[in-house]
Structure formats: structure tokens, C-alpha cells
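Quick note: the coordinates plus some simple rules give every number you see, no bench work behind them. Remember, it's a predicted structure, so these values are computed and weren't measured experimentally. Neighbour counts are summed over all protein chains in view; Cβ atoms, including those assigned to glycine, are modelled from backbone coordinates with ideal geometry.
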Amino acid sequence: MCGIIFYTHANPLGFKTNDGSKRCQRHHMFIENVEQRDFRPRWGRTFHTTSRFYKHTNPPDLYLKANFKTQDMANTFSQIYIQVVFAVQNRNALIKTDWEEELYKYITGIVQNKGQKMLAINGTSNHIHFFIGMKPTCCLSDLVREIKKSSNAFIKEKNLTPYRFQWQEGFGAFSYSHSQLTDVIQYIEKQKEHHKKKTFKEEYLAFLRAFEIEFKDEYLFEWIDD
């Protein structure tokens, strides 16, 4: 049994919507837990189920040209786009520009080997963002755990840093609609440019507030300046 967490669609970065405005997008969304019962989340909140099988349904205008169709669930189509963010633990072992591309390619390989689609990956010395198209059978927590564990080992094996590299515990996960794909991808690709004006802490707190996710300061990342 594997649980997954989804956040409701929002527009934390001021992306333009279909009508040209910059309002937050809120879409009707529900998860059908086929083993137990239906769950309907409150907007801006998270929900968590423990069933293995899910059906993700959005309004008709949001269906993708390239929907995921899985063998595990007959006639199941989904469009789940998740941006994941997590941070480096050791300030002496930050990600360096001379080996970050090698790290990103390795993480991309993990995502693809798990049957998910990498749409964008980038970051700065103290954190990374990656944006994936995720199948409904994927357990996001397990995927992130595998990425952290394997990339830690990869960095150590390749001797990319003389210091002990490790990711901090926890991660942020934010979902988006199909109409926002291009904007989210461009935002991630321009991470270094964005962080010339904004710290990682400022960026991350802005995400949490825009998605109306309740949090406690003591459970956030240990903030490391670039």
C-alpha cells in the first residue's frame, strides 16, 4: 500500500491564465479511491490516501493530448504535473556549477527509469527543482526518497565534492494544470536568474503561501545562503 499527497492547482508565480489574467487558477479536482471511498479536498489543502489505485479526474478542457494510460488501471487517463523542491543539507557540500549538469542527468535517469516523465530540472547551489508528468500509480514519496538516496550515492561515488553530501529531509510538491506547463518549465530553467533577486527561503515560503499550505517554521528546511 502506498500513499501519495497532491496539492490543489494554483498559480503562485503569477503565470498568465487562459483569459490573460494573473489570478490563481482553481480547478475542480477529485481523487476516487477505488478501494475505499471518494475524497474531496478543501481548496488549498492537501489530502492523503493509502490506497494503491487512484483515478485522477479534471474538467474536460484540461485533458492532455498525451494522457498517461497505465496497464495497472484499465481505461484510466490522467494528467498529473508535479513540481518537487528539496534542499542540500551540508553548507560545505553545496552543488557546484561544474558538476550540476551531471547530477541533473542522473536524477533525470532515475525519474525515467521509474516510468515518469521529466519535464524540467534545475536549481542553485543549495536546492533543486524538478517538474514531472506523473502516472497515478506512482508513489511520490517513494520516488523522491529513491532520488535522494541514489543521488547521494552517485555524488559520493563520483567524488564530486570532498565533503559529505546529503539532502535535507522533506520536500515541497506542487501541482499544476496543463495550461501552465510552459510557464513552470521556463521558471525552473531560469532558476539562477530568479535567485539573483530572491533567496531560496523567500521563494519557498512564497510557494507555500500561494498554495495556502499551512506550515510550522520548525518543520521547514534549514536555510543555507548561496
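Using the average count of surrounding beta-carbon atoms within 10 Å as a protection proxy, the listed peptides 158-167, 138-147 rank, highest first, as 138-147, 158-167.
Per-residue extension of 0.36 nm, minus the Cα-Cα distance of Y163 and F215, leaves a gain of 15.6 nm for this segment.
Starting from the Cα of R145, move 7 Å in the Cα-to-Cβ direction to define the label point; list residues of the range 158-175 whose amide nitrogen is under 13 Å from there. In the range 158-175, the label zone of R145 (backbone N under 13 Å from the point 7 Å along Cα→Cβ) covers 170.
Can you check what the net charge comes to around S141, using other residues whose Cβ is under 13 Å from the Cβ of S141 (Lys, Arg +1; Asp, Glu -1)? Before the final figure, lay out each step's value.
Values: positive: K114, R145, K148, K149; negative: D142, E146, E169.
Value of the local net charge: +1.
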